[in-house]
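These notes concern the structure reproduced below.
The values are calculated or read from the model by the stated rules, or taken from the named source; none is laboratory data. Everything quoted here is computed from the prediction, not taken from an experiment. Positions of Cβ are generated from backbone atoms using ideal geometry, with glycine treated the same way; all protein chains shown enter the neighbour counts.
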């Protein structure tokens, strides 16, 4: 990300009045720069054509540039080493945006199985209920596990803190659902075939 910001500052057209902007979202990081790439330069074929050669030389001299023309390749390489997707560019007539998708994702059921040793039997039963019915409430947790509301609240809060489930609503309308990586994962998990696969995995997980 540092490389993206440096590139934006040294390669932008300072005749343009717009600012170089950095945006941080829950799922991505963006650097937006006024203007376009120099003519003949593309992200997939980077080369050193400085828009501001004096500024570029200064930044190189103080050690913020390791090698001319290597910035885009470096960002892609480091992203891959960190098991993240490569950054990508979006272009419009007035600006260029580089986007880094967040390497952090919410916990899916498959990820959750990997932390099964951290969950108790009551909590595993709750997960089974959620995979069948989509959500669970404190009252349903009590009935499933024949326990009191204080214990149910403690167990559910523990699962929230582990990133296994997420709380929705407030007061008496509170309910809990499994954390999902994205809406696509939600849709996939809702298919009957995948529900059955989840049930099979869950039975193996519980050791039944």
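Descriptive notes on the structure:
- Residue check for residue 171: loosely packed, with under 15 Cβ neighbours inside 10 Å and modelled with pLDDT under 85: yes
- Residue 149 vs. criteria touching a helix residue (DSSP H, G or I) at 6+ places or on another chain (Cβ under 7 Å), exposed (fewer than 12 other Cβ atoms within 10 Å of the Cβ) and either more than 22 Å from residue 162 (Cα to Cα) or at pLDDT 75 or above (or both): yes
- Selected residue (criterion: modelled with the highest pLDDT) from residues of segment 28-47 that are loosely packed, with under 13 Cβ neighbours inside 10 Å and over 15 Å from residue 90 (Cβ atoms): 39
- Residues (crowded, with 16+ Cβ neighbours inside 10 Å and not in a helix (DSSP H, G or I)) located in segment 137-146: 137
- Breaking point among (1) within 31 Å of the chain's Cα centre (by Cα); (2) at pLDDT 80 or above; (3) under 21 Å from residue 94 (Cβ atoms), for residue 15: (1)
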